[in-house]
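Beneath this line is the structure, given in structure tokens, with notes to follow.
The values are calculated or read from the model by the stated rules, or taken from the named source; none is laboratory data. What you are looking at is a predicted structure, and each value in this text was computed from that prediction instead of being measured. Every residue, glycine among them, receives a Cβ derived from its backbone with ideal geometry; neighbour counts consider all protein chains shown.
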């Protein structure tokens with residue numbers, strides 16, 4: 001009766017194979033993840049960035065790994081992420097059926113470039129004077145006291161009284177005068193001496 005041990009062995013092999021097939025076909029293994037585009041974002045503190053969600057069923061819910069760094073809210077098939085403070089966080093998005101996707105978020109403080117003060121204005125941007133003669137340019141705007149410097153003192157010299165820039169021709173040629181106010185705003189006057 002050698003067939004009984006053989007049949008028992010075959011039955012055992014069939015049971016093992018069936019169990020393996022059943023375990024491999026679990027429904028959760030085939031569950032697709034949400035498609036998030038892009039799946040890595042960088043956002044400034046106080047600013048927002050939007051990512052799109054596909055391969056899921058709305059409505060979507062969001063959860064931040066650190067709400068002190070970044071928060072998110074759902075808007076149909078888009079997720080709006082807001083930077084709270086410097087750092088990194090992970091936003092998990094879940095659809096109505098429990099399918100999930102993740103977005104890696106980096107939040108940075110954007111350093112604002114200092115605003116360059118607006119330059120000074122004049123009643124005229126250029127002036128022509130004769131050798132040995134004076135010309136006057138009036139400063140408009142800015143804050144007194146003003147100072148002025150000639151680029152080439154061999155062509156023209158300059159002095160300032162209140163908001164009047166006095167330019168004296170020294171010899172024929174061209175130069176520029178740079179005027180600066182007390183707040184470091186500057187302006188340039190083109191000078192021609194004949």
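Restricting attention to region 155-170, the residues being assigned to a loop (DSSP other than H, G, I, E, B) and surrounded by 12 or more Cβ atoms within 10 Å (Cβ to Cβ) number 3. Taking the listed residues 23, 13, 49, the one that is part of a strand (DSSP E or B) and either at pLDDT 90 or above or over 22 Å from the mean Cα position of the chain (by Cα) (or both) is 49, with no other qualifying.
Checking the structure you have, find out if any residue of region 62-83 is touching a residue at least 60 places away in the same chain (Cβ under 8 Å), surrounded by 13 or more Cβ atoms within 10 Å (Cβ to Cβ), assigned by TED's automatic domain parsing to the domain that holds residue 103 and not in a loop (DSSP other than H, G, I, E, B). Checked against the condition, which is being touching a residue at least 60 places away in the same chain (Cβ under 8 Å), surrounded by 13 or more Cβ atoms within 10 Å (Cβ to Cβ), assigned by TED's automatic domain parsing to the domain that holds residue 103 and not in a loop (DSSP other than H, G, I, E, B), region 62-83 yields no hits at all.
Could you run through region 92-112 and say how many residues are over 19 Å from residue 32 (Cβ atoms) and part of a strand (DSSP E or B)? Write out each step before concluding.
Looking only at region 92-112, we keep the residues that are over 19 Å from residue 32 (Cβ atoms), and these are 104-112.
In the following step, the residues that additionally are part of a strand (DSSP E or B) were identified as 104-108.
Adding up the residues that qualify gives 5.
With respect to residue 175, determine if the residue is assigned to a strand (DSSP E or B), under 39 Å from the mean Cα position of the chain (by Cα) and surrounded by 15 or more Cβ atoms within 10 Å (Cβ to Cβ). When the stated conditions are applied, residue 175 does not pass them.
Of all the listed residues (165, 139, 103, 129), the sole one being in contact (Cβ under 8 Å) with a residue 40 or more places away in the chain and not assigned by TED's automatic domain parsing to the domain that holds residue 185 is 103.
How many residues does region 126-154 contain that are closer than 19 Å to residue 194 by Cβ and buried (at least 17 other Cβ atoms within 10 Å of the Cβ)? Give the derivation first.
Looking only at region 126-154, we keep the residues that are closer than 19 Å to residue 194 by Cβ, and these are 126-137, 150-154.
This time we only want the ones that are buried (at least 17 other Cβ atoms within 10 Å of the Cβ), so: 127, 129, 135, 137, 150.
Final tally of qualifying residues: 5.
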